[in-house]
Amino acid sequence: MTRQPMVAGNWKMNKLTGPAVELAAAVKRGVGTRTDVQVVLCPPFTALKVVAEVVARSPIRLGAQNMHWEAEGAFTGEISAAMLRDVGCEFVILGHSERRAGFQESDALVNRKVCAALQAGLTPIVCVGETLAEREAGQTWTVVTRQVRASLAELKPEQLRRTVIAYEPVWAIGTGRTATPAQAQEVQALIRAVLGELGDGATAQAIRILYGGSVKPANARDLFRQPDIDGGLIGGASLDAAAFLEIIGAACRE
Ligand code: PEP
């Protein structure tokens, strides 16, 4: 089974529209016409439209960092899946640990968002990962299995296939402390096994599982060489075009 590698940049709450256009344009120049790696940019909501204009007619795809689960209505301050589609998004990051921790997003809530995203034709990038305390208590497998099962509850195999998972150990996000390739591979193989239980073997083999957590040009290649690591969700390093392009280069399957 060959899964197209993917590298997604999570810009978080960074970049006003001007710098966002500059960064997207630099990434676009570097990516050129390459399609061996799927590149996704996830700017903040306010920069989605301008970045969409920059990456139009390029292989780069657009993603958002969050959305509401309802289609429309009285949800002040929220953004729906249809609104994301309207400005050109094809992807949406859901269940990021910064949202789980800072905005009390539970697995059940993430599941509602995943279902709404799929229904609207968006590809969810569903984040899972254990905290340092959970890892040290030997709970990594229990926590990650629970997050995968609950976040993807009730999805049909066809919907699972349209979903991307990002394993992001919380202790590695923005800390400069990366999981070793072996640590990441071990958990990502477990995630693929859980996906097989939720769907079937062929479905599990088709789903892309990214690694995220302090991926840099220096460590990307060794991580992406692992059999169950299909690319990366990149935070800090995605804000620098040269670093992000190097990471994209490291994701291609030689
Ligand atoms: C992230 O926030 O998804 C992330 C992986 O961040 P960083 O690369 O900065 O650790």
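Here are some notes:
- Centre separation in Å (Cα based) which lies between the range 30-87 and the range 11-28: 13 Å
- Once the Cβ-Cβ distance of F45 and S106 is raised to the sixth power relative to R0 = 22 Å, the FRET efficiency obtained is 0.45.
- Residue-normalised convex hull volume from the C-alpha trace of the chain: 116 Å³ per residue.
- Spatially, the range 183-206 and the range 114-148 are offset by 13 Å when compared through their Cα centroids.
- Close amide H pairs (under 5 Å, H built 1.01 Å from N) link V92 with A64, T123, I125, residues at least 5 positions away or on another chain.
- Karplus (6.51, -1.76, 1.60) ³J(HN,Hα), θ = phi - 60°, over the range 23-38, in Hz, Gly and Pro reported as x: 5, 4, 5, 5, 5, 4, 4, x, 6, x, 9, 5, 10, 5, 10, 7
- Max mean-square fluctuation residue, GNM over the chain, Cα-Cα springs under 10 Å, options F224, F91, F103: F103
- Only Lys, Arg, Asp and Glu carry charge here, each on its Cβ (+1 for the first two, -1 for the last two); on that basis the chain has a dipole of about 460 debye about its Cα centre.
- Solvent-accessible area per residue, Å², over the range 6-250 with all protein chains present [probe radius 1.4 Å]: 42 Å²
- Calculated from backbone phi, Karplus (6.51, -1.76, 1.60) coupling profile of the range 66-82 in Hz, x at Gly/Pro: 5, 6, 8, 8, 8, 6, 5, x, 7, 10, 3, x, 9, 10, 9, 4, 5
- Between amide H atoms placed 1.01 Å from N, distances below 5 Å from R61 occur with V39, V40, L41, all of them 5 or more places distant or on a separate chain.
The values are calculated or read from the model by the stated rules, or taken from the named source; none is laboratory data. No experiment lies behind these values; they were computed from the predicted model shown. Using ideal geometry, Cβ is built from the backbone for each residue, glycine included, and neighbour counts are taken over all protein chains shown. Remember, those area values only see protein heavy atoms, side chains included, never the ligands or the DNA or RNA. Shrake-Rupley method; radii C 1.70, N 1.55, O 1.52, S 1.80 Å.
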